[in-house]
Amino acid sequence: MQEMVTYSPVAVDNSIRSVADASTSVTGVPAEYAFSSVLASSESITEKGITDIVERIYVVLVPAIVTFVVISGLLGNVLVIYVISSRKHLQTVTNILLMNLAISDVSFLLICGSFTAVYYVLPDWPLGDALCRIVQYLLYVSAYVTVYTLTAVSAVRYVTVLYGSKAVFIRSKRNIVLLAVGIWVVFLVAKIPILVVHGVSHNHLTQRTTCVISGVPEAQQLFASFFVFAYALPLVVIATLYLMIVCHLRRKGMHNSPSSDDRKRHITKVLVLVVAVFAVCWLPLHIHLLVAYYGQLPETVLYKVLLILWNTLAFLNSVLNPIIYNFCSQDFRLSFKEVVTCSSRLPPVADV
């Protein structure tokens, strides 16, 4: 029989290998982002010697944690979108891109978070072939939009700091909105092949229905390109741009007063923090995906627990951005407070 790779954005256990027949193994390998549960099924848990009590804990506790994180992230990012869209003084070119980042985070949390919580509880993919393909497609799109929005933010900061008023036309709000829309359009088109390589498969041995990639070679190519083009390469570009910004600000500092470029430095530090949080939160899952397809995953309970931690970290990335804005930007903080407390209009201050 053909070797299949079980794929799901939710609760398929990538690290559990089950036997499909006497000679061929079927791999329960991760979704694009490896949002997989420690539990593939009650049968696999029994095979691993994990007690029913532990199984019940994971079936109840993990979806509860995921649900809490998703709700927190949705509330924070919807607040960011509302605050920026409703307050003209916050609609800077940087903040417009940060709003686009919040939109991609909302998309990611709604799609991946919702189906993760459901699939942790249910042992099978319950939503049919069409939604299997669409969910995987939208997951990829939102992930790529996130990292390339961060790249766009870095490029805009580079142009702003190094060229200032000379690049006003490039940094117009209209052009930034077109850039944000363009990022979505590019990846909505570029990721259409995701719809083709996924589908629902029924395993007659385990009687489980799963959302799968068509084969191991396709999965290897998919996850390798995902690591390179949705993580490593954009981060190299971002790091290079911010390094050039830092060098430029240091050179200027030799000729200007210490406070002249403080605001630019502060904005840059905030954006670097956002990028650093993204890099840290996603690195463990990218490593896991590469090892899953190009190496051998550990078959221990500890690794499965760590995998849940890494899944949660990826979700947390979408939760932490609004928190960063709140702590690092007085204007965001005051605007958040105004919305939450329904207080009167607070005077705007310098934006990050």
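Would you tally the residues in the range 117-151 being among the small types (G, A, S), in contact (Cβ under 8 Å) with a residue 24 or more places away in the chain and either surrounded by fewer than 23 Cβ atoms within 10 Å (Cβ to Cβ) or closer than 15 Å to V196 by Cβ (or both)?
The qualifying residues number 2.
With L249, L273, L309 as the choices, which residue is aliphatic (A, V, I, L, M) and crowded, with 16+ Cβ neighbours inside 10 Å?
L249
What pairs can you find where one residue is in the range 261-279 and at negative phi, the other is among the β-branched types (V, I, T) and part of a helix (DSSP H, G or I), and their Cβ atoms are less than 6 Å apart, with a gap of 6+ or different chains?
Every condition considered, the pairs that remain are K264/V161; T268/I245; L271/V153; L273/I324; V274/I324; V275/I238.
For the range 176-254, which fully contained helices (runs of 4 or more DSSP H) count at least 3 residues that are free of Cβ contacts under 8 Å to residues at least 24 places away in the same chain?
216-227, 233-253
Can you give me the number of residues within the range 280-305 that are under 21 Å from the mean Cα position of the chain (by Cα), modelled with pLDDT of 85 or more and surrounded by fewer than 19 Cβ atoms within 10 Å (Cβ to Cβ)?
Of the residues in the range 280-305, 6 are under 21 Å from the mean Cα position of the chain (by Cα), modelled with pLDDT of 85 or more and surrounded by fewer than 19 Cβ atoms within 10 Å (Cβ to Cβ).
Suppose we filter the range 81-105 for residues that are touching a residue at least 60 places away in the same chain (Cβ under 8 Å), assigned to a helix (DSSP H, G or I) and of a type in the set (V, I, T); how many remain?
Of the residues in that region, 4 qualify.
Just name the residue that is nearest to L241 (Cα to Cα) out of those in the range 157-175 that are without any contact (Cβ under 8 Å) to a residue 60 or more places away in the chain and of a type in the set (V, I, T).
Here the answer is V159.
The values are calculated or read from the model by the stated rules, or taken from the named source; none is laboratory data. The shown structure was predicted, so the numbers you read here are calculated from the model rather than taken from an experiment. Neighbour counts are summed over all protein chains in view; Cβ atoms, including those assigned to glycine, are modelled from backbone coordinates with ideal geometry.
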